[in-house]
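Peer 1: Quick one: this structure, given as structure tokens, is what I'll be asking you about.
The values are calculated or read from the model by the stated rules, or taken from the named source; none is laboratory data. Note that the structure is a prediction, hence the values are computed from the model and not measured. Note that we place each Cβ from the backbone using ideal geometry, even for glycine, and neighbour counts take in every protein chain shown. The protein model used for the area step is the full one, side chains on, heavy atoms only, and it has no ligands, DNA or RNA in it. Shrake-Rupley method; radii C 1.70, N 1.55, O 1.52, S 1.80 Å.
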Amino acid sequence: MNVLKFGGTSVGSATRIQNVAELITKRGKNIVVLSAMAGTTNTLVEISDYLYKKNVDGAKEVINQLETKYQGVINELFSTEEAKDEARREVKSIFNYIRSLSKDIFTLFEEKEILAQGELISTRLMNIYLHEKGVNSALLPALDFMRTDKNGEPDTHYIRQRLTALLDKHFDADLYITQGFICRNAYGEVDNLQRGGSDYTASLIGAAIGADEIEIWTDIDGMHNNDPRYVEGTSPVAELHFEEAAELAYFGAKILHPTCVLPAKLNNIPVRLLNTMQPEAKGTVIYNCAPNHAIKAVAAKDNITAIKIKSGRMLLAYGFLRKVFEIFETYQTSIDMITTSEVGVSVTIDNERNLHHILDDLKKFGTVTVDSDMAIICVVGDLEWHNCGFETKVLDALRDIPVRMISYGGSNYNISLLVRQADKIAALKALQSTVFTSAE
């Protein structure tokens, strides 16, 4: 059994829902994970924002607009009046529930309840449509099996136990439909796996059932070797190691959520990235493959801040780095890159929320300088240090671009370079022409 996840763009209209339904019914008995229709979660966030501001009328106006949109989807999606009536009842029930949460006292609890409704709508519409087409599909409510523990981490034992029970209950179904993103927390409250969490849902389900493969269907034909928004002539990477995919996902390859990789990796389940618009495309397969001694891809991460701490007290001293890192821990700010010398350390962060406090504390230990509006260029491949020449090729590509920091050696799969954000596109293009085009 496979797990097939379809993102919001893949189910973004009645026509696309129909296309996905046709695709999944040809694939046999699998579990299908759906996101909310494109734009829905953003609208639900807008509704919540009105309610936080105690503007109930504004919230209800947006609710009405969204409900009207779905009524149009229903009219286009279904061909029989019976199916249309069932879908209308389901959607009406959900929007009435959202209205019941539209009150002056509005908390994070109500917000998470509202944000969960997008996935509930998309899966119910899909299930009704499949029934209309004569498919014996079963809806597996994610809120009945997907749960996090008191630390906010997936409760894998609970997920496996409850999901197995649901599958046994619907053993005669030809196809299973469930929601991505949403879950319950350790206290039974409606919660979620954060934005992009549908990938995580698919990976957790795959691990729970020991899936043969996890398929992530989006609107692009696999993970490209560079960012196609800025660079022409990019192409899908046929295969990636889990470590390579994790690096690319973290440093900007938006096609895959970084958290998705770990459950699949630990359970040795291949993840395949595919294109709903071009289902015949081979896409990218991610697994524990042997390295092929090549640079695979490049990604970039924007809005980076570099902080340099220079101090004579660091020379031949121990404990200095611990004190520096404790400051970032105190303010719950993660570090992306780090480089050190005898008298200084440079780090990068992508969250400036507590920057002022961090800088104040760092100044107790040395002279602090800050560079804002930076970008991390991440070059990924089989970069084990015995493989000669790859580092030279990367640096040669950026010979005309100022590089603030270089991080290499922390991973066998990644070289990270810090450049000005204004130089990001030029860096991506230079790497494309030097590293990939010359290798073809």
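Peer 1: In the range 50-100, with Lys and Arg counted as +1 and Asp and Glu as -1 at Cβ, which of these residues, Gln71, Tyr97, Ala87, has the Cα nearest the positive end of the dipole, that is, farthest along it?
Peer 2: Ranked along the dipole, the leading option is Tyr97.
Peer 1: In whole percent, how big is the carbon plus sulfur part of the accessible area of the range 1-122, probe 1.4 Å, protein atoms only? Could you put the intermediate results ahead of the total?
Peer 2: Numbers: 2520 of 5280 Å².
Of all accessible area on the range 1-122, carbon and sulfur atoms account for 48 percent.
Peer 1: Between the helical axis of 14-25 and the dominant principal axis of the chain, each derived from Cα atoms, what acute angle in degrees is found, rounded to the nearest 10?
Peer 2: The two axes meet at around 90 degrees.
Peer 1: Using the Cβ atoms and a cut-off under 12 Å, what net charge is assigned to the surroundings of Ala430, where Lys and Arg are +1 and Asp and Glu are -1?
Peer 2: On the way: positive: Lys393, Arg399, Lys424, Lys429; negative: Asp396, Asp400, Asp423.
Counting the neighbours of Ala430, the net charge comes to +1.
Peer 1: Which of Phe251, Phe109, Phe145 ends up with the largest GNM mean-square fluctuation for the chain, with Cα atoms connected below 10 Å?
Peer 2: Judging by the Gaussian network model, the answer is Phe109.
Peer 1: Between beta-carbons, use under 15 Å as the cut-off and find the net charge around Ile47, counting Lys and Arg +1, Asp and Glu -1.
Peer 2: Details: positive: Lys53, Lys54, Lys60, Lys69, Arg99, Lys103, Lys112; negative: Glu46, Asp49, Asp57, Glu61, Glu67, Asp104, Glu110, Glu111, Glu113.
Neighbourhood net charge equals -2.
Peer 1: Still on this model: Say each of Asn75 and Tyr331 gets a label point 7 Å from the Cα, pointing the same way as Cα to Cβ; how far apart are those two points in nm?
Peer 2: Distance between the two pseudo-spin positions: 5.4 nm.
Peer 1: Mind computing the radius of gyration and Dmax over the alpha-carbon atoms of the range 158-270? Å is fine for both.
Peer 2: For the range 158-270, the Cα radius of gyration and maximum Cα-Cα distance read 16.0, 50 Å.
Peer 1: Take the eigenvalues of the Cα gyration tensor for the chain, scale each by 5, and report the square roots as semi-axes in whole Å, largest first. Working shown, then result.
Peer 2: Values: eigenvalues 349, 149, 83 Å².
Equivalent ellipsoid of the chain: 42, 27, 20 Å, largest first.
Peer 1: Place a +1 charge on the Cβ of each Lys and Arg in the range 240-398 and a -1 charge on the Cβ of each Asp and Glu, then give the dipole magnitude about the Cα centre in debye, rounded to the nearest 20. Could you put the intermediate results ahead of the total?
Peer 2: Numbers: 15 positive and 19 negative charges, 44 e Å.
It comes to approximately 220 debye.
Peer 1: Shifting gears a bit: Relative contact order for the chain using alpha-carbon pairs under 8 Å, separation at least 6, rounded to a whole percent? Before the final figure, lay out the partial values.
Peer 2: Working: 855 pairs, mean separation 57.9, N = 440.
Across the chain, relative contact order equals 13 percent.
Peer 1: I'd like the FRET efficiency for Asn55 and Leu355, computed as 1/(1 + (r/R0)^6) with the beta carbon distance as r and R0 of 45 Å, rounded to 0.05. Don't skip to the end; give the middle numbers.
Peer 2: Numbers: r = 32 Å, r/R0 = 0.71.
Efficiency for this residue pair is about 0.90.
Peer 1: Follow-up question, since we're still on this one. What angle, in degrees between 0 and 90 and rounded to the nearest 10, separates the Cα long axis of helix 156-169 from the longest principal axis of the Cα atoms of the chain?
Peer 2: For 156-169 against the chain, the angle is about 30 degrees.
Peer 1: Next question, about the same structure. Cut-off 10 angstrom, C-alpha nodes, Gaussian network model of the chain. Which of Gln332, Gln18, Gln71 fluctuates the most?
Peer 2: Gln332
Peer 1: Starting from the alpha-carbon convex hull of the range 1-159, give the projected area averaged over all orientations, in nm². Intermediate results must be reported in sequence, preceding the final value.
Peer 2: Details: hull surface 40.4 nm².
The Cα convex hull of the range 1-159, projected and averaged over all directions, gives 10.1 nm².
Peer 1: Here's another thing I want to ask about it. If you roll a 1.4 Å probe over the range 310-385 with all protein chains in place, what percent of the accessible area is carbon or sulfur?
Peer 2: Carbon and sulfur atoms account for 51 percent of the accessible area of the range 310-385.
Peer 1: Within straight cross-link reach of Lys308, meaning Cα distance under 14 Å, which aspartates and glutamates are found once same-chain residues fewer than 8 apart are removed?
Peer 2: Within the straight-line limit of under 14 Å, Lys308 reaches these aspartates and glutamates: Asp336, Glu342, Asp360, Asp361, Asp371.
Peer 1: A further question follows. With each run of n ≥ 4 DSSP H residues scored as -39500 (n - 2.57), what mean residue ellipticity at 222 nm is computed for the chain after dividing by its residue count and rounding to the nearest 500 deg cm²/dmol? Display every interim value, and only then the final one.
Peer 2: On the way: 14 runs with 168 residues, N = 440.
Counting only the DSSP helices, I get -12000 deg cm²/dmol.
Peer 1: Which Cα, out of Asn412, Leu362, Thr41, lies furthest along the positive dipole direction of the chain (beta carbon charges, K/R +1, D/E -1)?
Peer 2: Result: Leu362, furthest along the dipole toward the positive end.
Peer 1: State in Å² the accessible area per residue of the chain; use a 1.4 Å probe, count heavy atoms of protein chains only, and round to the nearest integer. Could the numbers behind the result be given before it?
Peer 2: Values: 20090 Å² over 440 residues.
Accessible area per residue: 46 Å².
Peer 1: Filter Lys84/Lys133; Lys5/Lys29; Lys310/Lys393; Lys26/Lys282 down to the pairs with a C-alpha to C-alpha distance above 22 Å, please. The partial results should precede the final answer.
Peer 2: Numbers: Lys84/Lys133 13 Å; Lys5/Lys29 14 Å; Lys310/Lys393 31 Å; Lys26/Lys282 17 Å.
Violating the 22 Å Cα-Cα cut-off are Lys310/Lys393.
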